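S.K.: Got a structure for you, questions after.
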Amino acid sequence: MKPNLTQKLIESHLQNGSIKVGENIALKVDQTLCQDATGTLVMLTLDAIKLNKVKTEISVQYIDHNLIQEDHKNPDDHAFLNYSAERFGLWFSRPGNGISHPLHMQYFARPGKSLIGSDSHTCANGCMGMLAIGTGGADVAMAIAGHPLHLVMPEIWGVELRNDLPKWVSAKDIILELLRRHGVEGGVGRIIEYHGEGLKNLSIWDRHVIANMGAELGATASVFPADDCVKAFMLSAGRGDEWLELKADPGCSYDHNEVINLAELEPLIAKPSSPGNVVTVASVEGESIQQAYIGSSANPGFRDYTIVAEIVKTGEIPTDISLDINPSSRDILKQLTVQGSLAQLIESGARIHQAGCNGCIGMGQAPATAVNSLRTTPRNFPGRSGTADDRVWLCSPETAAASALNGKITDPRRLTINYPNIQVPAPGKREDSLIRPPLNNTIPVLVERVEHGPNIAPLPSTTAIADSLQLPILLHLGNDVSTDEILPAGAEVLPFRSNIPKISEFVFKNLNHNYVESAKNNLQQGGHVIIAGQNYGQGSSREHAALAPAYLGLKVVIAASFARIHFQNLVNFGVLPLVFKRKTDKTKLGTNTKIGLDNIHNAIANSDEIALSIFDSEETIPLELRLSARQREILLAGGIIPWAKKQG
Ligand code: MIC
């Protein structure tokens, strides 16, 4: 059999299992990345399992999310992460350097390597011919401690790109096209591998845009070949010696095949409030807007900012429009300064923010109530911007800039200027003063005890689920509930990412105001259950969306299906995820229904099925346990930390 590139990457990292779709596999992890909003729990986990030194080739801690320093909380987290990186031997990228994904691509990504990160957009680095996968923080902590990553072998989805993009259509429109065709569940259980002659027309930054938003399709990873484009980028970054050609064997096959004719694409936009709500820009032209937001890991390249500068300099931005520029990195900000685009943007009335994730996760720049905000970011789940009833649309920089200029949604093909031809400068080299290397291994550990500020709380302990449960259902949810809806983002909530008791006060805040109180009321009676539809827990990898409800007494989630990362996060914190065997049974269970489960330990240990009984009814409902042997062990141990301690 001729292997495709994904199979080669997986095969070269296999520690257990085979590349047969559906098998449980264990993969060696070469590199890890953490950002601050999830990194604090990773470091607390490393502390809990008493790690001495990082076991990977490269592990990096970035500070890019919680940048607004309204009080001590966020800077205390930064300091804690700085100490922790020093203590455990991670690289440390300081606040202001920029977003983890483009920085990692520039400084550390290597064809043929595997990378996991405590951020769902870790898949962005698949643009470099590596296997890059987002996971929960606990899985990253385990990888840092030398454990492999455990997965179900995904199907490989070959996406062939043909021809070249028309003017005013760019990489964002390619990934929006995949979302338009397949929706937010289209990539679940799959790795997307891009191939075809159209690739030669896409720069490394274009590929980053596409690979990044594989997360929005629910895909496990996005893979691009390590071809001449990757070589040229690595050479210009001074890392040419780390390049290695990697591509699929000619004549290889894929589990699914798709063709995108780039020449036929047109500007696309995801309407509020899901990345899967994609329509053509032309079909929604004329809707008034109040904000155009440029930046994030979904459009991080020099070109993405410069094209905006070139467009907005040709007119005047109306005074009621806020054009927010969020440079993705210090390096890009420097390039924009040197090349003059920054001055153009400033002259055009743009608001310039610091390098980082910022408003992409609601850390500032929240839009006004019920107005349209056009963003080049990857996600627009309800309330994610920080404004409860927000109206966030996702589009390319071209569409955002043309719309900012007109004050309403505008198809950029209407612009009367020539399509700018942008020369992208070589990326800057890594500076040790900005990204600090790990302390030399021969130097004894300097920091014996990690110091931390008063907002950083110890990780709550998790315990094994009881053998028999009679619990009420507190929430009955629909399809595609995102982790942004379970545990909201935004500047009010994010500073509590290192404090589970505090952040638990915000669980389901935008979906159900009574949840926290009801959960607390049920704590003494043993906890509660949540019912959900398909793709429960899509989106962000934040393990807080599992750990905080668990802290409030969540014992079991029963859903039609789960998003990959959230499923594992539930297991990691001792919450039992069960799947409806018959989807129609969901309607038999309502809020406040009391359900019973018996012989749970035996079912977890030995069975793929368990029967649920309904209080005051004769009826039982069959539920599936779709668990690997390792997940069964973790659940029986009461979560990944007790499990890891047992393993020694
Ligand atoms: C996101 O885009 O939702 C984030 C911010 O990158 C998150 C991480 C987080 O919630 O901290 C992610 O996707 O994992």
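S.K.: Any idea what the relative contact order of the chain is, in percent, if you count C-alpha pairs under 8 Å spaced at least 6 apart?
M.R.: The normalised contact order for the chain reaches 14 percent.
S.K.: Separate question: Give me Val60, Val424, Val259 sorted ascending by neighbouring Cβ count inside 10 Å, so fewest comes first.
M.R.: Fewest to most other Cβ atoms nearby, the residues stand as Val259, Val424, Val60.
S.K.: Please compute the modelled spin-label separation between Lys50 and Asn602, points set 7 Å along Cα→Cβ, answer in nm with one decimal.
M.R.: Modelled inter-label distance: 3.7 nm.
S.K.: Take the alpha carbon gyration tensor of the stretch 495-614, find the square roots of its eigenvalues, order them as a ≥ b ≥ c, and report rounded if a/c is under 1.5; if not, report prolate when a/b exceeds b/c, else oblate.
M.R.: Note, shape of the stretch 495-614 comes out prolate.
S.K.: Using a simple spin-label model with points 7 Å from Cα along the Cα→Cβ vector, what separation in nm is obtained for Ala464 and Lys200?
M.R.: 6.1
S.K.: Give, rounded to the nearest 20 debye, the magnitude of the charge dipole that the stretch 146-297 has about its Cα centre when Lys and Arg contribute +1 at Cβ and Asp and Glu contribute -1 at Cβ.
M.R.: 280
S.K.: Go through the stretch 562-627 and name the GluC sites (Glu not before Pro) that are in a DSSP coil and have 14 or fewer other Cβ atoms within 10 Å of their Cβ.
M.R.: For GluC sites (Glu not before Pro) across the stretch 562-627 that sit outside H, G, I, E and B with at most 14 neighbouring Cβ atoms in 10 Å, the list reads Glu618, Glu619.
S.K.: In whole Å, what is the distance between the alpha-carbon centres of the stretch 198-259 and the stretch 389-438?
M.R.: 21
S.K.: Step through the table entries Lys231/Lys313; Lys555/Lys588; Lys247/Lys429; Lys50/Lys555; Lys28/Lys247, compare each Cα-Cα distance with 30 Å, and write down the pairs that go over it.
M.R.: Lys231/Lys313
S.K.: Find which of Gly251, Leu374, Ala270 sits farthest along the positive direction of the dipole of the stretch 231-375, computed with +1 on the beta-carbon of Lys and Arg, -1 on that of Asp and Glu, about the Cα centre.
M.R.: Working it through, the farthest residue towards the positive pole turns out to be Leu374.
S.K.: Considering only DSSP states other than H, G, I, E and B, which GluC sites (Glu not before Pro) in the stretch 483-589 qualify as loop sites with at most 16 other Cβ atoms within 10 Å?
M.R.: Glu492
S.K.: Let me know the shape class of the stretch 448-493, please: from the alpha-carbon gyration tensor, a ≥ b ≥ c as square roots of the eigenvalues, rounded when a/c is under 1.5, otherwise prolate if a/b is greater than b/c, or oblate.
M.R.: oblate
S.K.: So which of Lys502/Lys645; Lys20/Lys581; Lys8/Lys167 end up more than 31 Å apart by C-alpha?
M.R.: Correct reply: Lys8/Lys167.
S.K.: Which order do the peptides 37-44, 531-538 take when ranked by the mean count of other beta-carbon atoms within 10 Å per residue, highest first?
M.R.: 37-44, 531-538
S.K.: Can you pull the one-decimal nm distance between simple spin-label points at Arg351 and Gln525, each 7 Å off the Cα toward Cβ?
M.R.: Reported label-point gap for Arg351 and Gln525 is 4.6 nm.
S.K.: Pairs of alpha-carbon atoms within less than 8 angstrom and 6+ residues apart define the contacts here; what relative contact order does the stretch 1-151 have, in percent?
M.R.: 31
S.K.: While we're looking at this one, here's another question. Semi-axes of the equivalent ellipsoid of the chain: what are they in whole Å, largest first, if each equals the square root of 5 times a C-alpha gyration tensor eigenvalue?
M.R.: In descending order, the three semi-axes are 37, 27, 26 Å.
S.K.: Please state the shape class of the stretch 304-434: rounded when a/c is under 1.5, otherwise prolate if a/b exceeds b/c and oblate if not, all from the C-alpha gyration tensor.
M.R.: Oblate, since a/c reaches 1.5 and b/c is not below a/b.
S.K.: For the peptides 365-371, 205-211, what is the packing order when you average, over each peptide's residues, the other Cβ atoms within 10 Å and list the highest mean first?
M.R.: 205-211, 365-371
S.K.: Sticking with this structure for a sec: Which of Asp30, Asp241 comes first, and how do the rest follow, when ranked by fewest Cβ neighbours within 10 Å?
M.R.: The order, fewest Cβ neighbours first, is Asp241, Asp30.
S.K.: Give me the number: length gained by fully extending Lys588 to Arg414, i.e. 0.36 nm times residue separation minus the C-alpha to C-alpha distance, one decimal in nm.
M.R.: Fully extending the segment from Lys588 to Arg414 adds 57.4 nm.
S.K.: Hey, another quick one. So which GluC sites (Glu not before Pro) in the stretch 280-351 are both in a DSSP loop and have at most 12 other Cβ atoms within 10 Å of their Cβ?
M.R.: Glu316
S.K.: Hey, how many Å between the Cα centroid of the stretch 338-364 and the Cα centroid of the stretch 121-140?
M.R.: 27
Just so you know, all these numbers are worked out from the coordinates, no wet-lab data involved. From a predicted model like this one, the values you see are computed outputs, not experimental measurements. All Cβ positions, even for glycine, are placed from backbone atoms using ideal geometry, and neighbour counts span all protein chains on display.
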